[in-house]
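Inspection log for the structure reproduced underneath, given as structure tokens.
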Amino acid sequence: MFLHILKYELKNGVRTKDLIIWLMVFPIVLGTFFKIAFGSVYNKTEKFSAIPVAVVEETENPAFRQVLDGIESADEPFLKVTYADRAKAEELLDSGDVEGIISSADKLGLTVKQKGLSQTMLKSFVEQYTLREKIAMDAIQTSPEKAQEIISSLMSGTVSSCREIPLTQGNPDMYIQYFYNLIAMVAMFGCMTGMHVTMQNQANLSALGARNNCSPAPKLVTILACLTGSFILQTVCMLLCVTFLAFVLKVDFGDRLPLVYPAAILGGIMGVSFGFFVGSVSHMSQKTKTAVLMSASMLLCFLSGLMVGDLKGTIAQKAPWFNDINPAAVVSDSFYCLNIDEDYTRFITKLITMAVITVVFIMLGFIISRRKKYASV
């Protein structure tokens with residue numbers, strides 16, 4: 001009996017327009033828009049790239065050229081050097097093709113057109129090289145026998161104005177949180193399939209519900225089969241969503257992509273249980289329950305940062321407990337912890353939270369649904 005009901009529940013779910021639109025088509029469209037809007041913002045505005053600079057060699061300085069060659073040959077070069085005469089260098093600076101001009105004479109000089117982070121880093125680079133050069137010259141005058149050793153030690157390392165200290169081995173792109181919240185939204189939209197479980201088992205709300213209540217099959221078996229079918233359908237939707245984002249839109253989830261799938265699946269099951277619980281609570285019509293569930297889901301996704309990226313951070317400062325009970329925030333946080341943290345402590349905590357919320361919603365839904373009796377059907 002269980003497998004028979006499960007088979008028809010799967011067939012019915014595939015034919016449901018809400019499932020196709022909200023759980024398959026809508027995430028693909030919205031994810032594509034997110035990729036167009038945020039896909040290259042981090043690389044253009046946040047990610048560090050080599051600073052273009054023009055070098056004017058007024059006098060020969062083999063040591064300085066050697067340092068510049070060493071910088072450019074690095075895996076992630078700090079500078080992108082263009083050698084030019086004074087007139088050409090000023091033309092490049094005026095057109096914005098370079099951030100500054102370094103003149104190599106008896107003493108290094110720096111010419112910039114405006115103030116900014118790149119110009120500050122160039123200034124620091126020139127000051128560092130000038131200091132090292134002075135130390136080398138003093139060594140030649142005071143200890144000629146050790147001059148070569150000192151010069152080699154000073155010039156062996158790349159002169160740089162910054163040192164990269166990675167905070168995480170994952171993807172540092174702050175805009176990826178919108179894709180995390182997109183997956184959370186798909187998980188929460190699973191409430192639609194959960195609601196259909198209660199609608200088709202309440203005799204006063206649908207003809208199918210009346211027929212199911214007349215069936216000799218135990219109500220517990222019927223609800224379990226319907227819930228299992230909804231879980232399977234939601235799992236397929238979550239797999240498609242993550243796969244589309246990761247392999248079609250090329251969203252970087254870090255090097256732990258296989259663990260993104262179980263987190264997404266558990267979040268989708270939690271969304272179904274949320275819809276099952278809310279659908280069991282009242283005798284409202286299907287349209288009213290749909291409106292309530294969609295409004296609640298969108299509100300929870302909004303508070304988790306789907307529309308305003310830093311809103312979840314603001315809530316964490318004002319009411320940190322809310323993000324721990326907001327299902328959408330818990331789902332998106334699980335992906336964030338998986339990407340940022342080196343260990344799995346917080347990630348496992350989020351999974352346990354989702355599991356607990358799921359169990360609570362299902363138990364409450366069962367209790368409410370099984371208590372409903374009808375004088376006549």
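The values are calculated or read from the model by the stated rules, or taken from the named source; none is laboratory data. Since we're looking at a predicted model, the values are computed, not measured. We place every Cβ from the backbone using ideal geometry, glycine too, and count neighbours over all the protein chains shown.
For segment 99-118, enumerate the residues that are within 16 Å of Glu57 (Cα to Cα) and within 37 Å of the chain's Cα centre (by Cα).
Gly100
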message: Considering only segment 155-173, I want to know if a residue exists there that is in contact with an Asp or Glu (Cβ under 7 Å, 6 or more places away or on another chain), of a type outside the set (Asp, Glu) and modelled with pLDDT of 70 or more.
response: no
query: Among helices (runs of 4 or more DSSP H) lying entirely in segment 1-85, which contain 1 or more residues that are assigned by TED's automatic domain parsing to the domain that holds Asp252 and either modelled with pLDDT of 80 or more or at negative phi (or both)?
result: 2-14, 17-20, 26-38
message: So the check is Cβ under 6 Å with 6+ separation or different chains; which pairs have a first residue in segment 122-135 that's in the same structural domain as Lys80 (by TED's automatic domain parsing) and farther than 19 Å from Ile101 by Cα and a second one that's of a type in the set (A, V, I, L, M) and in a helix (DSSP H, G or I)?
response: Arg132/Leu154
message: Which count do you get for residues in segment 82-91 that are crowded, with 19+ Cβ neighbours inside 10 Å and more than 10 Å from Val56 (Cα to Cα)?
response: 0
field: Verdict on Leu300 being within 15 Å of Asp333 (Cβ to Cβ), part of a helix (DSSP H, G or I) and either in contact (Cβ under 8 Å) with a residue 24 or more places away in the chain or not acidic (Asp, Glu) (or both)
entry: yes
field: Filtered residue count, segment 314-333, keeping only those that are surrounded by fewer than 12 Cβ atoms within 10 Å (Cβ to Cβ) and closer than 25 Å to Tyr344 by Cβ
entry: 3
query: Could you say which residue among Ser280, Ser273 is crowded, with 22+ Cβ neighbours inside 10 Å, on the phi < 0 side of the Ramachandran plot and at pLDDT below 90?
result: Ser280
